[in-house]
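The values are calculated or read from the model by the stated rules, or taken from the named source; none is laboratory data. Source: prediction; values computed, not measured. Note: ideal-geometry Cβ built from the backbone for every residue, glycine included; neighbour counts use all protein chains shown. Each accessible area value is taken on the protein alone, full model and side chains, heavy atoms only, with ligands, DNA and RNA left out. Shrake-Rupley method; radii C 1.70, N 1.55, O 1.52, S 1.80 Å.
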Amino acid sequence: MKRLSFGLLVAVAALAAACSGSDSAAVPTSTSTPGLDPTATMQPAASPTSTATSVPDATDTPESTAATSAPDPTHTPEPTPALPLTATPVPMPTPTAMPVPTPGQAASPLQRMRVVPAFPNLEFQELTNLVEPEDGRGLLYVTEKPGRIRVFPNDQEASNAEIFLDITDRVRERNKEEGLLGLAFDPEFANNGYLYVYYSASGPRRSVVSRFSRNPDDPRIADPQSEFVIMEVPQPFGNHNGGQIAFGPDGFLYIGLGDGGSGGDPLGNGQNRDALLGSILRIDVGGQSQGRNYRVPSGNPFVGVDDAREEIWAYGLRNPWRFSFDTTTGQLWVADVGQNEWEEVDIIERGGNYGWNVMEGAHCFSPSSGCDRSGIQLPVTEYSHAEGCSITGGYVFRGPATPSLLGAYVYADFCSGNIWAVRHDGTSVTEQMLLVTGGLSISSFGQDLDGNLYILDFGGGIFSLVPRG
């Protein structure tokens, strides 16, 4: 198993210590992961309290104490870029609804697993995503938090991961939860060469969703000058960036945004449907409308609703750190990082309210008791900070290699390294198990087109799950 370098371990320990107290940032234990919320020391956290005042995250810079997106006063101010659109938008066909397949074969009971290196000859820096596009080339793409996308063959013997795109010149990663956080390939990537990224930027601090294109002179790489900015969202603080993006089975782009940061949601974004933060968004990137470089699908739940952003698909989330669609049922699974005591897994429904900051998991947060739970969707499952401090969402396993995982949603905790699986029949949990105890700093998961599951260690390795034997 690959180990973190001594220097990285020291940095990780410092980050974890800084995260204790006001906010369990979303970075798993020993390192700082982009959307993760490390809760310092893994000691039992104080019981939830109503944090109505603005308490900056201890890991954030003074910039984050203002409700505006002002440049960080602790470093040289950056000029505010005009953000020219350097690529002419090319309209794509409007997505059409895709049928949701029915579940397949029955699965065997869950069993304990172990992790093994999936690509033992490769090492990376601060991994945040792994994606295989549907272009028939058999290549895997990973994102590194500083701002690079690397590509390599889906082969256990792969020995070289080349740079596909480098945007480190525009990615801000000053705080532990900032950086290059999301990657999604256009469903027509094989024909149009489009890929989409979510990254943190400065001057002012914001989250950016952009489209890039393959280099026409060398399709093995993307052109960093081809950036077409789809959306920018101001970020008041340096944590809770969310950052996952993915195309759904309906062909629309889904975007996960945290509540804006600090601790306890001081700006009230989680329950504010007039704010994009604290939500899962759904947009159509196939065209432009109303001065925006995207369209709002007519089926979004808040289209035409007063005091609500029409881009919102679901809300009430604190820091959705990784979401995914079940390739068989089409269900959208989200792992939402907790504050003081509880980490949760949700199945997202159209227009659903997932409770933050009224609730943390299935428990009252503000107020700490007697909260109004009406209209709130409760999590599928949760775990306390006795078992971890920062959840990392995974996938519903549909691969051929491990029948005992078939149909189970696999997720982990960055701080403890624990990996769990849960089965849900659409109404309730039918089976749940702790698969692996500790060992990695799991920043993300990935899945290839065959349904094989990959575990991304923030220290630089990619791993697989195999049965104990």
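Couple of notes before you dig in:
- Qualifying position, being of a type outside the set (Lys, Arg), over 26 Å from residue 108 (Cα atoms) and in contact with a Leu (Cβ under 8 Å, 6 or more places away or on another chain), among 354, 315: 354
- Restricting 158, 190 to those that are hydrophobic (A, V, I, L, M, F, W, C), in a helix (DSSP H, G or I) and either without any contact (Cβ under 8 Å) to a residue 40 or more places away in the chain or farther than 14 Å from residue 141 by Cα (or both) reduces the list to 190.
- Candidate set: region 260-301, residues that are among the hydroxyl-bearing types (Ser, Thr, Tyr) and not in a strand (DSSP E or B); chosen: the one most open to solvent (accessible area, probe 1.4 Å): 298
- Selection within region 112-155: residues that are assigned to a loop (DSSP other than H, G, I, E, B) and of a type in the set (A, V, I, L, M). The member of this set that is farthest from residue 420 (Cα to Cα) is 122.
- With a requirement of 1 or more residues that are among the aliphatic types (A, V, I, L, M) and surrounded by fewer than 19 Cβ atoms within 10 Å (Cβ to Cβ), none of the strands (runs of 3 or more DSSP E) lying completely within region 365-428 satisfies it.
- Residues that are at negative phi, open to solvent by 20 Å² or more (accessible area, probe 1.4 Å), in contact with a Phe, Trp or Tyr (Cβ under 6 Å, 6 or more places away or on another chain) and among the hydrophobic types (A, V, I, L, M, F, W, C) do occur in region 432-440.
- Number of positions in region 302-311 that are more than 22 Å from residue 348 (Cα to Cα) and either open to solvent by less than 30 Å² (accessible area, probe 1.4 Å) or in contact with a Pro (Cβ under 6 Å, 6 or more places away or on another chain) (or both): 0
- Test: residue in region 329-350 that is without any contact (Cβ under 8 Å) to a residue 60 or more places away in the chain and part of a loop (DSSP other than H, G, I, E, B): yes
- Enumeration of residues in region 312-328 that are open to solvent by 10 Å² or more (accessible area, probe 1.4 Å) and assigned to a strand (DSSP E or B): 313, 315, 325
- One residue from 297, 367 being modelled with pLDDT of 95 or more, closer than 30 Å to residue 130 by Cβ and not aliphatic (A, V, I, L, M): 297
- Total residues in region 194-238, condition among the charged types (D, E, K, R), surrounded by fewer than 17 Cβ atoms within 10 Å (Cβ to Cβ), assigned to a strand (DSSP E or B) and out of contact with any Phe, Trp or Tyr (no Cβ under 9 Å at 6 or more places or on another chain): 2
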